[in-house]
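I have placed the structure first, in the form of structure tokens, so that the comments after it can refer back to it.
The values are calculated or read from the model by the stated rules, or taken from the named source; none is laboratory data. Bear in mind that the values here come from a model prediction, so they are computed numbers and not experimental data. Don't worry about glycine lacking a Cβ; one is built from the backbone with ideal geometry, like all the others, and counts go over all protein chains shown. Ligands, DNA and RNA are stripped out before the accessible areas are found, and what is left, the full protein with its side chains, is counted by its heavy atoms. Shrake-Rupley method; radii C 1.70, N 1.55, O 1.52, S 1.80 Å.
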Amino acid sequence: SDGQRASLAEHSWRICMMAVLLAPHFADVDFARLAKICIVHDPGEIEGDDIPVPDQARRRAADSSATKSGDKPRDLPTLVAPLPPETALEIVALWDEYEAAVTPEARLTKALDKLETILEHTQAENPVGCAYRYNLGYGRECIAGYPVTVALRTALHAETERRTHNE
């Protein structure tokens, strides 16, 4: 990394690549559905911008009704409006599925999303004061579902710990 934050396209591509590489570890997951959810998981960041994870936590602490995804339902209809109605409905339904995190595919997408974010932070040339310590607890509940995601989280935790000593 050259120190610049990953774009939404880079982030989404890496989540999809993680899904491809790790697919053999997820026998209970419909891969086609997983890939679709990975692709549509962050539509609000297309029109808006990503809210850094530590800022999300501070925002929620100050306003219990605040969520990162609060703008996505407003943005998503605009983004899918040019599409055929059945396609637009499918994309909105996939995003709703992701947000609800009830299906194995949605839960795994959330886990991959969290893992990719932590991975990005461990690979980037982050600015002084980067909140590495926040990553030590970030996404733990989402990642706990599969041995391979737990193993990846453990490795990323070790690298994050190493970086916290340089803060």
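Among residues of segment 129-149 being in a helix (DSSP H, G or I) and open to solvent by less than 60 Å² (accessible area, probe 1.4 Å), the one that is modelled with the highest pLDDT is 148.
Where residues in segment 39-50 are crowded, with 18+ Cβ neighbours inside 10 Å and in a loop (DSSP other than H, G, I, E, B), which of them is modelled with the highest pLDDT? Give the derivation first.
Keep residues of segment 39-50 that are crowded, with 18+ Cβ neighbours inside 10 Å, which gives 40-45.
If we keep only those that are in a loop (DSSP other than H, G, I, E, B) too, we end up with 41-43.
Working: 41: 89, 42: 83, 43: 78.
Among residues in segment 39-50 that are crowded, with 18+ Cβ neighbours inside 10 Å and in a loop (DSSP other than H, G, I, E, B), the one modelled with the highest pLDDT is 41.
Residues that are surrounded by 16 or more Cβ atoms within 10 Å (Cβ to Cβ) and either of a type in the set (Gly, Ala, Ser) or more than 15 Å from residue 38 (Cβ to Cβ) (or both) were ranked within segment 102-118; the one that is modelled with the highest pLDDT is 106. Has segment 23-38 got any residue that is surrounded by fewer than 17 Cβ atoms within 10 Å (Cβ to Cβ) and touching a Phe, Trp or Tyr at 6+ places or on another chain (Cβ under 9 Å)? There is at least one residue in segment 23-38 that is surrounded by fewer than 17 Cβ atoms within 10 Å (Cβ to Cβ) and touching a Phe, Trp or Tyr at 6+ places or on another chain (Cβ under 9 Å).
For beta carbons closer than 7 Å, sequence separation of 6+ or different chains, a first residue in segment 9-24 that is over 21 Å from residue 43 (Cβ atoms) and a second that is part of a helix (DSSP H, G or I), the qualifying pairs are 22/148; 23/31.
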